[in-house]
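Attaching a single structure in structure tokens format; questions to follow.
Values in this text are rule-based calculations from the coordinates and carry no lab data. The shown structure was predicted, so the numbers you read here are calculated from the model rather than taken from an experiment. Cβ placement follows ideal geometry from the backbone for every residue including glycine, while neighbour counts extend to all protein chains displayed.
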Amino acid sequence: MKNNLDSLPGRKGLPIVGEFLNISKQGIQFFEHQKEKYGEVYKFRMPTGMVVGFMGETSAFDILKNRRDIVNIGNATKDLIESIYPNSIVLMDGEKHKRDRSILMQAFRRDALNDYIKKLPQIIYPIIDEIRGQKIPKVHPIFKNLLISITGRLFYGIEDAAFLEKINKAITPMSKSLVNVQLNFPGTVYHKALKGRKYLLRTFLELVAQKRANPGQDFFSNLCIAANEDGESFTDQEIVDHLLWFYQASYDTTSWALSYLVYRLAKSPEWQEKTRLEIQDIDLERLDLQTLLGLKTSTMVLYESMRLAPSVPLTIREANEDLKVSEEITIPKGTKIWVSMAMAMKDPNSWRNPEKFDPERFGGERKEHKKCPHAYLPFGAGPHQCIGRVFAEIVIKMTMIALLKEFRVTVPNGYEIPMSEFPLMRPKDGLPIHFEKLEV
Ligand code: HEM
């Protein structure tokens, strides 16, 4: 048994860049081709060194679940995230992670979620007005603005639209920089990201002082006064760093999931009609959590679109110890590991005809997501599983209801969304959608 990567199948790719350009260009297809050639676990090279991909549902789940503390996230994400989002939850492992996560989870208590449901219609309506006023709006930028607004208003108590717009401008390059070469020259994405961070840090630190002096009911205020059993509370810097990552984690992911769902409904008139039938009598202002989560068809179409094009197609970890992959092969401690949720959710072991948009697979007798306990992973699994998953479902369903009650959504025949897939999903054309007003 060898504990180096020599005996693991895979290839090195080009000098210096390795497979970086191929992955940027081909997205998930790159990993699919490699899996066909080398099997579920294989190596490839990135500019930072050799990486091992875990690309099947069982292998992905074992790594994410991390029952025996075999991997860490902190060292794995450090080079990508630390200079823009220091102290963020995705740099933490062990006890520190548990403690900070439990405080962040306060934002998603049941009473808080019901309160958000009451407030959301007033934030969603203006984007419906915006869509009404345009011929063929590009929905992805509209949904990104919506998420900036929702996160700012509901969690941070920020109402000023001009300030929310400034947050949007600052955070966009910060998000892009996570996948860009980190060169700090005027004009580079990384330079803009550092400027964005500086602006947000300064502005949010001023807000911390105000919230500490005069706390409100919002999550931001809670973070300012939260303490653990030993009476330790977050420093000002820690609060701001958590808040910034919260923004990052919520807006890109949810706006993509919403965009892709609208696209799928536009391409599937039959499912669009079924969904409309279910939601047409719903009054957004009288909704509650139980009703919203219990909507059958809406849940099936949402789950299926998140399965086919998950907002976070893959994530990374680092081996804490030598990991045995087979009788012959052990991966050395310190190896960077990429786990693909997107690949796991197309694993033919669980999913019949996995490339097909087929919401029925989540219903009736089939329930393919229940066949194997770890087949469905749009929100990850284990200690770092998404804390905003129910909130995301609420936002997406409520926006979808508002849209489908008023419009029929369509795309031209043969239109296929041009996706940029690595590492976060984005439609290259902004996703133009035709909104046809329904007759009443
Ligand atoms: C459709 C929308 C969303 C998707 C698909 C999504 C997906 C994910 C995934 C896959 C992870 C795990 C990453 C890993 O294991 O490395 C994650 C973590 C996280 N998500 Fe989400 N997310 C969504 C929305 C949100 C929202 C709305 C929020 C907050 C308001 C949020 C906050 C977080 C946070 C704080 C973490 C880190 C948790 C930890 O490290 O303990 N997410 N998300």
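Using the Cα centre as the reference, give the magnitude of the dipole from point charges on the C-beta atoms of the stretch 259-346 (Lys, Arg: +1; Asp, Glu: -1; all else neutral), rounded to the nearest 20 debye.
Charge dipole of the stretch 259-346: 240 debye, to the nearest 20.
Show me the ranking of peptides 425-436, 387-398 by mean Cβ neighbours inside 10 Å, starting with the highest.
Ranked by mean Cβ neighbours within 10 Å, highest first: 387-398, 425-436.
Beyond 19 Å, what percent of the Cα pairs of the stretch 73-156 remain?
Value for the stretch 73-156 (Cα pairs over 19 Å): 59 percent.
Still on this model: Determine, for each peptide in 273-286, 57-70, the mean count of other beta carbons within 10 angstrom over its residues, then list the peptides with the highest first.
Descending mean neighbour count gives 57-70, 273-286.
Now, a different point. Place a label point 7 angstrom from the Cα of Asp69 along the Cα-to-Cβ direction, then list the residues of the stretch 85-106 whose backbone nitrogen is under 16 Å away.
Under 16 Å, as judged by backbone N against the label point of Asp69, lie 92-99 of the stretch 85-106.
Something else about it: Scan the stretch 296-327 for GluC sites (Glu not before Pro) in coil per DSSP, keeping those whose Cβ has at most 11 other Cβ atoms within 10 Å, and list them by number.
Glu327
Once you have the Cα-Cα distance between Ser83 and Arg352, take 0.36 nm times their residue separation minus that, and quote the gain in nm to one decimal.
So the chain would gain 92.6 nm between Ser83 and Arg352.
Summarise the long-distance tail of P(r) for the chain by giving the % of C-alpha pairs beyond 40 Å.
Of the Cα pairs, 18 percent sit more than 40 Å apart.
Within the stretch 32-75, name every residue whose backbone N is under 11 Å away from a label modeled 7 Å from Cα of Glu321 along the Cβ vector.
Correct set: 68-71.
Sticking with this structure for a sec: Counting every Cα pair in the stretch 109-243, what percent are over 21 Å apart?
Taking all Cα-Cα pairs of the stretch 109-243, the fraction more than 21 Å apart is 53 percent.
Give a quick list of GluC sites (Glu not before Pro) in the stretch 153-220 that DSSP marks as loop, anything other than H, G, I, E or B, with at most 13 other Cβ atoms within 10 Å.
Answer in residue order: Glu159.
Here's something else I'd like to know. Hey, rough spin-label estimate for Arg212 and Ser233, points 7 angstrom out along Cα→Cβ, what's it come to in nanometres?
0.8
Here's another thing I want to ask about it. Starting from 0.36 nm per residue, how many nanometres of slack lie between His33 and Thr58 once their C-alpha separation is accounted for?
Stretched out fully, the His33 to Thr58 stretch lengthens by 7.1 nm.
Report the gain in length on full extension from Gln280 to Arg202: 0.36 nm times residue separation, minus Cα-Cα distance, nm rounded to one decimal.
23.6 nm
I would also like to ask the following. With no solvent and one point per C-alpha, what does the Debye sum give as log10 I(q)/I(0) for the stretch 271-332 at q = 0.19, 0.23 Å⁻¹?
Per q value, in the given order, log10 I(q)/I(0) is -0.82, -1.01.
Still on this structure: Quick check: Cα centre of the stretch 232-281 to Cα centre of the stretch 314-362, how many Å?
Rounded to whole Å, the Cα centres lie 24 Å apart.
Still on this structure, please answer the following. In a Gaussian network model over the chain where Cα atoms closer than 10 Å are linked, find which of Leu289, Leu258, Leu147 has the largest mean-square fluctuation.
Leu289
Report the one residue of Val240, Leu164, Val390 whose Cα lies farthest in the direction of the positive end of the charge dipole of the chain (charges on C-beta: Lys and Arg +1, Asp and Glu -1; origin at the Cα centre).
Selected residue: Leu164.
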